[in-house]
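The values are calculated or read from the model by the stated rules, or taken from the named source; none is laboratory data. Every value quoted in this text rests on a predicted model; they were computed, and no experiment measured them. Cβ atoms come from the backbone with ideal geometry, glycine included; neighbour counts cover every protein chain shown. Protein only, heavy atoms only, side chains kept; ligands, DNA and RNA dropped before computing areas. Shrake-Rupley method; radii C 1.70, N 1.55, O 1.52, S 1.80 Å.
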Amino acid sequence: SGYINYNYNDAERDYSDYKTDDLYSGSHQLNVGLAYQATDEWATGWYNTLVDNASLSDTYINRQGTLVSDPIEKVGYGVANIWLSFEPKAVAGLRVNLAINNLFDKAYQNHKSFGMYWGNAKYNDNEVGRNIKAAVRYSF
């Protein structure tokens, strides 16, 4: 099975004297995923998130009382993730999952958590690098 979905968010802050772009908006995002049920016990999948560059404007009134508009550029990125699931028939209710998020250890800044710190648009935290997760679940 597979899926493709797209989303775009656009927002601005409306102050009484001016409007400015919301720095968490302006992103075009495409998500693509595939899942394959290899056997009754084994399933695997892949999903990828692709985000385009975004150009915004941070408008504000500075300390001198002047209306200023600074350009903000958010760099696009692509992140791949894979997963594997095992449900052995020999142990009813047992499920073992393994996932690797950010498979290629890409350095990127998620546009949905993008913000300005201390007035500096270049100071933003990168998202987690390669993240390997394992989980075991037993239901009885």
Would you mind calculating the gained length between PHE104 and ASN53 on full extension (0.36 nm times residue separation, minus the Cα-Cα distance), in nm to one decimal?
16.4 nm
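Determine, for each peptide in 70-78, 14-22, the mean count of other beta carbons within 10 angstrom over its residues, then list the peptides with the highest first.
Highest mean packing first, the order is 70-78, 14-22.
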Dipole in debye (nearest 20) - the range 1-110, about Cα centre, beta carbon charges: Lys, Arg +1; Asp, Glu -1:
340 debye
Accessible area in square angstrom per residue, the chain, 1.4 angstrom probe:
67 Å²
From the convex hull of the Cα coordinates of the chain, what is the mean projected area in square nanometres?
11.4 nm²
